[in-house]
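Working notes for the structure below.
Any read-out appearing in this document is the output of simple, stated calculations on the displayed coordinates, not a laboratory observation. Bear in mind that the values here come from a model prediction, so they are computed numbers and not experimental data. Every residue, glycine as well, gets a Cβ built from its backbone with ideal geometry; the counts of neighbours run over all protein chains shown.
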Amino acid sequence: MTDAVLGDTLPHDVTTFDKGYLGDGHTLRSWLFTTDHKRIAILYAVTITIFFFIGGIAIALVRIELVTPAQDFVTADEYNRLFTLHGIVMVWFFLVPSIPTTFGNFLLPMMIGARDLAFPKLNLFSWYLTIIGGALTIYMLLAGGVDTGWTFYTPYSSIYSNSHVIAAAMAVFVAGFGTIATGVNFITTIHTMRAPGMTWFRLPLFVWAMYTVSVVIVLATPVLAMTLLLMTLERFFGVPIFNPNEGGDPLLFQHLFWFYSHPAVYIMILPAMGVVSEVIPCFARRRLFGYDFMVYALIAISVIGFFVWGHHMFVSGQSAYANLVFSFLSFIVAVPSAIKVFNWTATLYRGQITYESPMLYSFGFVGLFTIGGLTGLFLASIPIDIHATDTYFVIAHFHYVMVGGTVSAFFAALHFWWPKITGRMYPEAWARFAAILMFFGFNFTFFPQFIMGWAGMPRRYGSYPPEFQIYHVLSSAGAAVLAIAYLMPLAYLTWSLRWGRRAPDNPWRATGLEWQTSSPPPTHNFEKLPIVENEPYDYHPRGYVDQEHEAAGTAESPQKGGEQR
Amino acid sequence: MSRATTYSAEEAALREPWEDIARQRQAVEMGMWAFLASEILFFTGIFAGYTIYRSTYPEAFWVAGGHTSLFYGGTNTAILLVSSAAMGIVPSAARWPSLGSFARTMLWVAALLGIAFLVLKGFEYAEDFDEHLFPGPDFEIHERGAQLFFAFYWCVTAIHAIHLIIGIGLVARLAIAGTRDPRWFSQTPAVQATALYWGLVDVIWTIVFVILYLPGRGS
């Protein structure tokens with residue numbers, strides 16, 4: 001596969017920026033007022049990259065503080081503001097929009113054979129909402145930050161906190177409506193704009209992931225919006241909503257907050273699952289195992305995900321019966337996730353696996369997501385959760401899901417579709433090195449956190465007893481490795497924009513409509529709108545068979561092949 | 001109407017990336033319903049809070065409910081219901097070129113009724129302030145939980161009013177653009193979408209009316 005790319009000897013001085021949608025205009029205006037879903041995807045990509053580094057710098061300072069047990073690098077108050085900034089920025093300005101607004105925006109219309117999203121102007125409008133929300137966040141940061149933690153728990157946030165809570169809450173509120181608009185756009189597009197022959201069960205799983213995630217976004221985000229609005233009104237006007245002095249219930253805030261914020265975990269992970277479901281069949285040259293069940297699993301996760309929020313509140317004093325139900329449902333939601341992990345693994349069986357960097361990232365995803373998911377089962381179990389609540393065990397658990405899972409998948413997608421998006425190949429050796437470095441850096445950072453969390457190290461403290469220092473030093477050292485691994489793609493991908501080899505239309509010999517058009521795609525995606533006649537993932541249906549046997553068509557292959565379909 | 005004008009009316013209403021006005025209409029309607037689902041969940045957040053507190057403080061909510069103005073609340077409910085009736089005619093009427101100006105008149109009727117609602121709401125708010133019904137140290141009712149009721153009263157009605165202001169803006173925009181280009185008006189899916197949004201604002205209000213103005217009335 002890479003050999004074919006090496007053989008591509010097109011002159012390097014011809015710029016890709018004159019081809020396809022990239023050639024539509026080079027002025028700032030041509031970008032800021034575009035309604036092309038592909039250009040809006042690029043706008044989003046630039047935006048979330050900036051926020052990824054803002055959130056990254058915040059946590060780098062936190063990790064520096066934690067190298068020594070004493071509170072010596074920043075004050076306790078600054079420490080609170082740093083981890084809050086990290087949480088708010090990473091959740092709402094990176095993870096939630098990450099894959100849907102960039103790759104979803106870019107690929108969804110192409111994958112279903114459409115010319116654009118259903119509402120191109122609304123699409124641009126959602127980016128502007130994200131930008132307004134982002135500007136409020138920057139204002140909040142420059143004004144001095146917020147110290148409530150990303151969860152904004154009342155009554156601290158609504159009454160006592162002496163920081164810029166309202167700016168932060170409004171930032172999330174506005175950006176939330178941007179996400180809702182994207183969700184509405186995706187749902188409508190998938191329902192009304194599929195090409196002839198693109199039936200529901202021929203949709204690539206990435207499209208299914210975008211569909212299910214959009215439904216979750218549309219139904220969960222407004223609840224967060226209302227919750228933060230009520231908290232803001234309480235803080236600004238003094239009307240008691242969650243204030244216990246007037247009979248209000250702070251737990252009501254937590255219920256409403258987690259009614260969004262647990263599904264938000266699925267908003268972050270479902271698109272990642274969609275990406276991995278595209279990459280693994282391609283580099284295993286193998287039809288995806290159990291397509292139908294992969295679809296049902298996505299739907300099941302998105303539905304059950306709405307009914308597990310109480311597991312964030314096991315120690316809050318909510319009813320013991322509620323705890324039982326939420327615990328049970330949290331175990332149940334692991335079943336469809338496990339189905340997906342088994343099916344990705346089964347897809348590899350008898351595959352002709354190659355280890356291009358998107359595949360390495362996807363392997364990283366499967367392994368790290370599995371660890372993150374299984375430790376989630378620890379925490380779904382009430383007695384263990386009581387022991388581990390608010391410790392680094394929880395931090396490690398959700399970072400395995402969100403960073404090991406979602407961010408790995410984000411980088412898998414970035415490398416997999418980079419040739420399509422930019423028309424350039426990235427340097428494969430560097431990319432493989434970065435992928436492996438990211439995997440190890442990630443584990444160096446977060447595995448010690450499982451151990452120290454289990455041993456009792458609580459989250460959100462800038463100082464700690466000296467016996468935890470070894471784990472914190474390991475973790476901070478790992479974070480430094482991870483930071484290098486994140487900076488590398490920024491460098492070599494930028495390099496490839498100018499000096500990378502020209503990408504062919506389908507460098508990975510992948511199935512899927514997006515690969516049938518040119519790289520980079522023309523403004524309306526296809527010269528002629530496609531008609532779909534094939535099932536998705538039309539790779540080798542039986543897996544690896546000896547060339548000779550296949551050519552001779554011998555009867556041996558069924559025994560060797562382990563026929564699936 | 002001749003065939004040629006039908007074609008150009010459709011063309012006037014057709015937007016990128018659609019090739020077919022019927023499909024575009026279907027999509028806009030579907031997108032609007034998805035957004036309305038989102039809006040319903042938005043208000044569900046505040047209604048859920050209200051429900052929980054009402055079950056915690058049933059008597060305080062009963063007493064506090066008696067302090068709202070049934071006159072303003074009732075009149076405003078009637079106004080919004082009439083506006084919805086006017087709006088309900090619009091999507092069908094707009095499709096008939098001979099009824100286009102009638103449909104636009106109905107849009108203005110709905111918008112003006114919406115403004116009347118807001119004016120009455122303003123008087124009601126002034127009266128509420130005079131009666132010390134804004135939560136705080138001077139609050140009129142001393143029962144524990146009554147402040148919560150009025151916290152919801154102010155938040156829900158204010159958030160609803162913002163939705164209504166947006167609705168009035170959308171309706172006025174539709175009426176003005178429709179007068180400028182009647183052929184666009186006869187085909188554009190914006191008519192149905194605006195009417196759906198207006199309907200939601202009205203439905204939310206009827207729930208607000210029931211939960212904020214009716215407790216504390218009767219025996």
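Size descriptors for the range A:122-280 (Cα atoms only): Rg and Dmax, in that order, 18.3, 61 Å.
Computed over the alpha-carbon pairs of chain B, the distance histogram in 5 Å steps reads 1, 7, 14, 16, 15, 13, 10, 8, 6, 5, 3, 2, 1, 0, 0 percent, short to long.
Size descriptors for chain A, from the alpha-carbon set: Rg then Dmax equal 23.7, 83 Å. Dividing the summed helix terms, -39500 (n - 2.57) for each DSSP H run of n ≥ 4, by the number of residues in chain B produces a 222 nm estimate of -28000 deg cm²/dmol to the nearest 500. Taking other C-beta atoms within 10 angstrom as a stand-in for reagent exposure, A:TRP344, A:TRP508 fall in the order A:TRP508, A:TRP344, fewest first. Screening chain B for DSSP H helices whose Cα atoms reach 18 Å or more along their own axis and whose mean Kyte hydropathy is at least -0.5 gives B:21-56, B:70-95, B:100-130, B:146-180, B:190-213.
Among the aspartates and glutamates, which fall within straight-line cross-link reach of B:LYS121, defined as a Cα-Cα distance under 18 Å, with same-chain neighbours fewer than 8 residues apart omitted? Straight-line reach from B:LYS121, under 18 Å: B:ASP130, B:GLU131, B:ASP202.
In this label model, B:ILE162 and A:ILE64 are separated by 3.8 nm, measuring between points 7 Å along each Cα→Cβ vector. Rg over Rh of the range A:232-279, using C-alpha atoms and the Kirkwood radius, what does it come to? With Rh from the inverse mean 1/r over Cα pairs, Rg/Rh is 1.33. Taking amide H positions as placed 1.01 Å from N in the peptide plane, with prolines and chain starts having none, which residues 5 or more places from A:ARG424, or on another chain, fall under 5 Å of its amide H? Under 5 Å from the amide H of A:ARG424 lie the amide H atoms of A:ALA503, each far enough along the sequence or on another chain.
The Stokes-Einstein estimate for the range A:23-172, based on a Kirkwood radius over Cα pairs and taken at 4 °C with 1.567 mPa s viscosity, is a diffusion coefficient of 77 µm²/s. Exposed loop positions in chain A were taken to be GluC sites (Glu not before Pro) whose DSSP state is not H, G, I, E or B and which have at most 16 other beta-carbon atoms within 10 angstrom. Between these positions, the longest stretch is A:1-526. Any idea what the relative contact order of chain A is, in percent, if you count C-alpha pairs under 8 Å spaced at least 6 apart? Relative CO of chain A lands at 19 percent. Under 16 Å of direct C-alpha separation, and excluding same-chain neighbours fewer than eight residues apart, A:LYS528 reaches these aspartates and glutamates: A:ASP116, A:ASP505, A:GLU514, B:GLU19.
Scanning chain A for long hydrophobic helices, with DSSP H runs required to stretch 24 angstrom or more by C-alpha along their axis and to average at least -1.0 on the Kyte-Doolittle scale, returns A:37-65, A:120-143, A:165-192, A:205-237, A:250-284, A:357-380, A:428-454, A:469-499.
Along the axis of the charge dipole computed for the range B:123-219 (Cβ charges of +1 for Lys and Arg, -1 for Asp and Glu, origin at the Cα centre), the listed residues B:THR194, B:PHE152, B:GLY178 are led at the positive end by B:GLY178.
When you filter the GluC sites (Glu not before Pro) in the range B:12-87 for DSSP loop state and at most 11 other Cβ atoms inside 10 Å of their Cβ, you are left with B:GLU19.
Calculated mean residue ellipticity, 222 nm, chain A: -20500 deg cm²/dmol, from DSSP H runs (n ≥ 4) at -39500 (n - 2.57) each, averaged per residue and rounded to 500.
Go ahead and run the numbers for FRET between A:SER316 and B:ALA85, Cβ-Cβ distance against an R0 of 60 Å, rounding to 0.05. According to the calculation, E is roughly 0.80. The trypsin sites (Lys or Arg not before Pro) found in the range B:121-219 that occupy coil by DSSP, while having at most 15 further C-beta atoms within 10 Å, are B:ARG144, B:ARG217. Using only the C-alpha atoms, the convex hull of the range A:329-470 corresponds to 139 Å³ per residue.
Residues whose amide H comes within less than 5 Å of that of A:ARG286, counting only those at least five positions distant or on another chain, are A:HIS540 (H built at 1.01 Å from N in the peptide plane). Ignoring lysines fewer than eight residues from A:LYS121 along the same chain, the ones with Cα atoms less than 17 angstrom from its Cα are A:LYS38. In terms of other Cβ atoms within 10 Å, A:ARG502, A:ARG424 run from fewest to most in the order A:ARG502, A:ARG424.
Relative contact order for the range B:54-187: 33 percent, from Cα pairs under 8 Å spaced at least 6 residues apart, divided by residue count.
When the Cα convex hull of the range A:277-411 is projected onto planes of every orientation, the mean area is 8.2 nm².
Here the range B:70-185 is treated as a Stokes sphere of Kirkwood radius computed over C-alpha pairs; at 20 °C and 1.002 mPa s its diffusion coefficient rounds to 134 µm²/s. Give me the distance between the Cα centres of the range A:307-358 and the range A:71-134, rounded to whole Å. Between the Cα centres of the range A:307-358 and the range A:71-134 lies a distance of 24 Å.
Normalising the average separation of contacting C-alpha pairs (under 8 angstrom, six or more residues apart) by the number of residues puts the relative contact order of the range A:421-507 at 55 percent.
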